[in-house]
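Asks: Quick one: structure below, then a few questions.
The values are calculated or read from the model by the stated rules, or taken from the named source; none is laboratory data. Quick caveat, the model's predicted, so the values are computed rather than measured. When we count neighbours, we look across all protein chains shown, and the Cβ atoms used for this are built from the backbone with ideal geometry, even at glycine. For the accessible areas, the whole protein counts, side chains as well, though only heavy atoms, and no ligand, DNA or RNA atoms are used. Shrake-Rupley method; radii C 1.70, N 1.55, O 1.52, S 1.80 Å.
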Amino acid sequence: MVVNDLLNINERLIWFYRKSVRDVVTLDLAHRVADKVNARLVGGRGVIGALASLGFVPVDATYEFIAYRPEDEERPAIDINDVKAWDEATRPFTFLNLYNDQVLIEPHGPDPVLFGIRGDSPHHVLTMGNYLANKYNAIGWIIYLTNQGTEEHRSHVGEFIPYRNADITGVITNVAFDDKGHALITLDNGRKALAYRHLGISRELMNCDGCLAQVWGGVKPNGDLSLYVEGIRVLHDRYVEVRNQGVPCAAGPWSPWVGQAY
């Protein structure tokens, strides 16, 4: 099956893509949709994503340069200095190349991928990727149009369902950090959210008790249905200035009934 016209993609494929990116999808459903659109599926659960990708009609999109290596050869380690130099040269048009002194563009499994460069600009991922592909003897490369970093999977609903995405707003009542730097956030509605340190938001959260915040991420299927944080936006800090007829009269902790905040 070939999809080469974004204006005429089967509506069933578009529906299946949207469901797959935001919900848990069974292999049986994928086969039933495939039968309806005259597609042939070969393989295990990987065919779910393959079929869903045919219904991807980008509103927002990013790009990924994927370089490949011979499967019968050991993957060479990418020098962090190469990545740092190109990360500085292409920022902000490429992203997630490094985390502190850790190279993020390398996979760690047995797959034939040598590395992947992600970004908002096909020209920048091509320039950086082509240099590294030549230096590390890639046998080929391709640039994919992707939904990475677009937040297309966000459901924008507050209902907590295991494995799905949830979006909640509340006042932060407590932030506790473990010995690895991960933050456990408690909101005034009793919901808990876990922000892993790689998000780089620990410093901002340290003094945020009382802040009004919007938090979103995946619902973990544990006993209390906590949220794995993908993003957090502080809507208001814990102090506001209350004005009465344009005259400052008080300042203090945030309260849901106060007038206009400045």
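Asks: Using a basic spin-label model with each label point 7 Å from the Cα along Cα→Cβ, how many nm lie between R18 and E106?
Replies: With each label point 7 Å from Cα toward Cβ, the separation is 4.1 nm.
Asks: Please list T186, T173, T94 in order of solvent-accessible area, largest first, computed with a 1.4 Å probe with all protein chains present. The partial results should precede the final answer.
Replies: Values: T186 25, T173 70, T94 5 Å².
The ranking, largest first, comes out as T173, T186, T94.
Asks: Please list H198, H182, H156 from largest to smallest accessible area, probe radius 1.4 Å, with all protein chains kept in place.
Replies: Working: H198 100, H182 35, H156 125 Å².
Greatest to least solvent exposure: H156, H198, H182.
Asks: Using Cα positions and a limit of under 16 Å, work out the aspartates and glutamates in reach of K220, with same-chain residues fewer than 8 apart set aside.
Replies: List returned: D23, E159, D167, E230.
Asks: Compute the relative contact order of segment 19-76 as a whole-number percentage, counting only Cα pairs closer than 8 Å that sit 6 or more residues apart in sequence.
Replies: Working: 20 pairs, mean separation 16.7, N = 58.
Averaging sequence separation for qualifying contacts and normalising by length gives 29 percent for segment 19-76.
Asks: Just reorder D167, D28 by solvent-accessible area, largest first, 1.4 Å probe, all chains present.
Replies: Values: D167 20, D28 90 Å².
Result of the area sort, largest leading: D28, D167.
Asks: Related question: Within straight cross-link reach of K36, meaning Cα distance under 22 Å, which lysines are found once same-chain residues fewer than 8 apart are removed?
Replies: The reachable lysines, counting only those whose Cα sits under 22 Å from K36, are K19.
Asks: With a ≥ b ≥ c taken as the square roots of the eigenvalues of the C-alpha gyration tensor of segment 44-103, please select rounded if a/c is under 1.5 and otherwise prolate if a/b is larger than b/c or oblate if it is not?
Replies: Values: a/c = 2.91, a/b = 1.36, b/c = 2.14.
Since a/c reaches 1.5 but b/c is at least a/b, the shape of segment 44-103 is classed as oblate.
Asks: Sticking with this one: Taking the alpha-carbon distance from K84 and a cut-off under 28 Å, which lysines remain once sequence neighbours fewer than 8 residues away in the same chain are dropped?
Replies: K135, K180
Asks: Turning to a different aspect of this structure: Leaving out ligands, DNA and RNA but keeping every protein chain, what accessible area does T169 have, in Å² rounded to the nearest 10, with a 1.4 Å probe?
Replies: 80
Asks: Further, regarding this structure: Pairs of Cα atoms under 8 Å, at least six residues apart: use those to get the relative contact order of segment 104-237, whole percent.
Replies: Numbers: 211 pairs, mean separation 24.4, N = 134.
Relative CO of segment 104-237 lands at 18 percent.
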